[in-house]
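Structure first, commentary second.
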Amino acid sequence: MKYDFKTIESKWHKLWEEKKLYATGDTSSDKKKFYALIEFPYPSGAGLHVGHARPYTAMDVIARKHRMQGENVLFPMGYDAFGLPTENYAIQNHIHPAQVTERNIKVFRSQLQELGYSFDWDREIDTTDPAYFKWTQWIFLQMFKNGLAYKAKMPVNWCTSCKCVLANEEVVDNACERCGSPVVRKEKSQWMLRITKYAQRLIDDLDAVDYIDRVKLQQRNWIGRSTGAQVRFGSTLGDDIFVYTTRPDTLFGATYMVLSPEHALVARWMEKLENAQEVKAYQAAAAAKSDFERSELAKEKTGVLLRGVRGVNPVNNTEIPIFISDYVLSSYGTGAIMAVPAHDARDWEFAKKFGCEIIEVVQGGNVEEAAFTDCDTGVMVNSDFLNGLSVEEAKKAIIDFLTQKGVGEAKVNFKLRDWVFSRQRYWGEPIPIVHCPTCGTVALDEKELPLLLPQVESYEPTDDGRSPLASISDWVNTTCPSCGGAAERETDTMPQWAGSSWYFLRYMDPKNDEALASKEALEYWSPVDWYNGGMEHTTLHLLYSRFWHKFLYDIGVAPTKEPYAKRTSHGMILGEGGIKMSKSRGNVVNPSDVIAEYGADTMRAYIIFIGDFEKAASWATNAVKGCKRFLDKVWNLAEAVSDKSMHYSAANEVAMHKAIRKVTADIDSLKGNTALATLMSLCSTLSENGCNAGELKTLLQLLSPFAPHVCDELWQMHGFEGICSVSAWPQYDESKCKDAEIDMAVQINGKLRGTIHIAADSADEAVIAAAIAEEKVARFMEKLEGSVRKTIVVKNKLVNLIIR
C-alpha cells in the first residue's frame, strides 16, 4: 500500500475536528496545566509563509508532547487584524477593511489547518471582533481613570505616506517601518500611555522570568535606566535650565550648554535673541528629521549659538554659551544638556567645530586630541574640592554638594518614553472618550462598550492630519456622559499594538461577555508557560504587553506580575543560498505549495529539521525531499511489521530507551532537529534488526508531534488502542540506556593506536588487559620495547597506556 499523504492528511483533519481531539480541558481539571503561546499573525493578503510555519510548528511539537504527557494543554490561535496594511489595501482596491480582514482570515485559517496544528479552534480570536475589542476599550478606560492615559501636545513622528503618527519604535532608519516612506516631525495633540511609570518594574521583574539572555538585554537596553543627577543651571535672562547628567563629577568641565530646538525656553527667549531668524530656520530644519536621524552618533554636528543669553554653571558661577542642536532631543531627559567636551566624544566634536573651550577635569589623556572617557582609571583635576578623587568618589561628593546648595539632586532616568497611542486612521479600535466643552475629556460609560466604527464608504486619511472619522458628523456628534450636553467623540483610533497587548488573556476565556476573562480562568491559566516569538518583537510587543499586564495586575484583574513565564525566539528562514526571501527576488516559499507536492508531515518535519531553531537557516528543496524519504521509510517499516510482540527485543532495547530519552529532552530544549536525527537513526536500526509491534508503537509516538497525520494512520492500521497523537508519551528506563557492549579507544602515550570491543562498565583491570592484548596495540608496544608505567581509564570511553 502506497503512502498517500493527501488522502491520509485530509482524513485525519476531519477526524480531529469531529472528535475535538485538541480541545482544552476546563479549569476544574486535576491535570497539570501547560499554556503554549505563539505570536498571533497579522492576516495579510499574501497568506501564510514559511516564516510563520517555523515557530508555529516548533510550538505545536512542544504542545503535542505535553498533551501526550497527560497535561491540560492550552494552545490557541487568533488574528491581529486591525492596522495600516489592511486599510491601505482596502483603499487601493475600493473594498471595506472588514471584508478584506474576513477574507484574509479565512485563507490563514485554511492554511493553518492544512499544516495540522493542534490548536483549540473553539478559542479562536480576532482583534477586530467587537466582542474582543470591547475589552481592549475597557482596558483603555481603566488606564484613563487611573491617570495612565492622557492627551498631550508634542512633537511626533509623521509618516508622509500613511498620514498618521508613528511611535518611536515604528521608525526605522528615518522611515516608516510599515511602508518605508520618509518620516518627518510634527507637533500634534496625541493620546499617550504612561508606560514610564512602570519603567523600573519592567526592568526588575525580568529577574523572575525565563527569557533567553538576548531578549532580556534588548528589554533592558530599550528601557535604558541610568543613574546620575538633575542639576539646575542659571541663565543671564533669569530662567533656570534643568539638566540631567550621568556625569555630575565633570561639572567643573562644563564649558557650554545645548538645548533641543523645541525646548520651551527657546521660544520664551526668541524676542531677546540677536539671531532669532537663524534660530527659527534651524528649528524648522530639525522638525523635518526623525529622532533616529537626529541622534545618530556618526552624523555631522550642527547647531546655532543663542546670541543674547548665556548659561550659568552652578558650581563656579561661570557664564557659558548656550546652543541649540538637533542631537539633543526634547523627549529624553530635560531636553537640555551640559557639555563637557574634554570627556565626551560628541561634545568634543561639537566644541572643536564651534570653537568652545575644552577643560580637562579627569586626568589621564590628551583632551586636545580626543575626549578622555576612561572612568575607571581617571583622577579628578581642575575641579576645586573634587581634585584627587576617583570618578566614583567625585560623583558622590558633587551630588552631596548640589543637594546642600539646593541646585541639584541624585536622579534615575530612563530612555523609555511614554507610548504614543493615537493613530489618525479608520481601521483601528475607536478610543472610547468624549470631549465636552463643559466637562472636558470624559470617559464613555462602560455599558456603551463596544464603541463601534461607523460604516462609511470613504475612510481615506486626510491631508490635514485628522482622522477620517473626524468628517463623519453623525458619528462624532454625541452627548456628554457626564452632563448630557452636546459633545464630540474622540476621532483618533488605537494603534495595532493595542489588541496584541492582552490577547493571551482572552484565550483563557474567549466567550466571556461579562469580563475579559473570568477570575477562575485567569487564576488557572496564568501565566503563559511558554511564549515563542520573533526577535523583532522583543522591544515593542513584548514591552507593551508586559506593561498592560502589570497594570491589570495592579487593578486586581491579572493574578500574576508577569504575563509570560518563559520566552524564546526563533531564527529567520532564508531563501536557497542564504538570501533573504522577498517577492521581488521571487524566492518566497509558500507552505501550501510544499504541502501539495510532499505533504504536511514532510513540511512539518523539514521546517524542524532545517537547523538550530534560534539561528537563521536557508531553505533547501533537496533536504525537503530527504524528509519525505524518511517518512516513506517509516511507512515501509510499519507495513513490514508482522511480529505482534509488544516488548522490545534484546537487539533493539537499548536503542529504544536511548531514543525516548533523547527525543523527550530535545523537544523541550527546542532541539527538534537533533530529535528528528535520532528518530531517523532509530528507524534505520529497526529496519536492520527487525521491528516488532511494541517498537513500532513507540517509534510512532515519538514521531507523532512532528508528523501527526502519518503516525495516526499507521497507528490505526496496526490496531493500537485510541489515537496516536493523544496516546501516553513513552517512558524510558535510565538503566536500559546503556549499551551491553561498547567500543573504547586505546591510546599509547596519548595517541590513538587501536580500539577494543568490551562489555560496558567493565572493571579497569579487564579494560587494561583487553587493551594490551589488542593486536595493533601489542605490535606497537613491541616496537617501543618498553613497559607500561601508568594506565589511565576513562569509564566506557578510552584507556591510555603510558609506556616508559
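The table for this structure:
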{"read-out": "Count - residues of the range 596-637 that are closer than 24 Å to residue 711 by Cβ, part of a helix (DSSP H, G or I) and open to solvent by 10 Å² or more (accessible area, probe 1.4 Å)", "value": "15"}
{"read-out": "Residues of the range 399-437 that turn out to be basic (Lys, Arg) and open to solvent by 60 Å² or more (accessible area, probe 1.4 Å), as a count", "value": "4"}
{"read-out": "Sole exception among (1) more than 30 Å from residue 100 (Cβ to Cβ); (2) in contact (Cβ under 8 Å) with a residue 12 or more places away in the chain; (3) assigned to a loop (DSSP other than H, G, I, E, B) for residue 453, by number", "value": "(1)"}
{"read-out": "Of all residues in the range 560-582 being without any contact (Cβ under 8 Å) to a residue 40 or more places away in the chain and out of contact with any Pro (no Cβ under 7 Å at 6 or more places or on another chain), the one that is farthest from residue 80 (Cα to Cα)", "value": "579"}
{"read-out": "The listed residue being modelled with pLDDT of 90 or more and either within 23 Å of residue 23 (Cβ to Cβ) or of a type in the set (Val, Ile, Thr) (or both), out of 462, 493", "value": "493"}
{"read-out": "Positions within the range 144-196 being within 23 Å of residue 89 (Cα to Cα), of a type in the set (Ser, Thr, Tyr) and over 25 Å from the mean Cα position of the chain (by Cα), in sequence order", "value": "160, 161"}
{"read-out": "Out of 74, 141, 148, 84, sole residue that is buried (at least 23 other Cβ atoms within 10 Å of the Cβ), of a type in the set (A, V, I, L, M), in contact (Cβ under 8 Å) with a residue 12 or more places away in the chain and more than 30 Å from residue 706 (Cα to Cα)", "value": "84"}
{"read-out": "Some residue of the range 237-250 being in contact (Cβ under 8 Å) with a residue 24 or more places away in the chain, of a type in the set (Phe, Trp, Tyr) and open to solvent by less than 10 Å² (accessible area, probe 1.4 Å)", "value": "no"}
{"read-out": "Restricting the range 734-748 to residues that are modelled with pLDDT of 85 or more and not hydrophobic (A, V, I, L, M, F, W, C), the residue that is surrounded by the most Cβ atoms within 10 Å (Cβ to Cβ)", "value": "747"}
{"read-out": "Looking only at the range 131-158, and only at residues there that are out of contact with any Gly (no Cβ under 7 Å at 6 or more places or on another chain) and of a type in the set (S, T, N, Q), the one that is nearest to residue 498 (Cα to Cα)", "value": "137"}
{"read-out": "Residue within the range 749-764 that is open to solvent by 70 Å² or more (accessible area, probe 1.4 Å), closer than 30 Å to residue 14 by Cα and in contact with a helix residue (DSSP H, G or I) (Cβ under 9 Å, 6 or more places away or on another chain) present", "value": "no"}
{"read-out": "Odd one out for residue 566, checked against (1) among the charged types (D, E, K, R); (2) open to solvent by 30 Å² or more (accessible area, probe 1.4 Å); (3) in contact with a Leu (Cβ under 9 Å, 6 or more places away or on another chain)", "value": "(3)"}
{"read-out": "Residue satisfying condition, being part of a strand (DSSP E or B), farther than 30 Å from residue 225 by Cβ and either open to solvent by 30 Å² or more (accessible area, probe 1.4 Å) or of a type outside the set (Lys, Arg) (or both), within set 487, 515, 521, 470", "value": "487"}
{"read-out": "Sole residue being open to solvent by 40 Å² or more (accessible area, probe 1.4 Å) and not hydroxyl-bearing (Ser, Thr, Tyr), chosen from 537, 541", "value": "537"}
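Results for (1) at pLDDT 95 or above; (2) farther than 30 Å from residue 617 by Cα; (3) over 24 Å from the mean Cα position of the chain (by Cα), shown as yes or no for each residue.
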| site | (1), (2), (3) |
| --- | --- |
| 1 | no, yes, yes |
| 24 | yes, yes, yes |
| 28 | no, yes, yes |
| 47 | no, no, no |
| 82 | no, yes, no |
| 89 | no, yes, yes |
| 110 | yes, no, yes |
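The values are calculated or read from the model by the stated rules, or taken from the named source; none is laboratory data. Computed from a predicted model, the values in this text were never measured in an experiment. Don't worry about glycine lacking a Cβ; one is built from the backbone with ideal geometry, like all the others, and counts go over all protein chains shown. The protein model used for the area step is the full one, side chains on, heavy atoms only, and it has no ligands, DNA or RNA in it. Shrake-Rupley method; radii C 1.70, N 1.55, O 1.52, S 1.80 Å.
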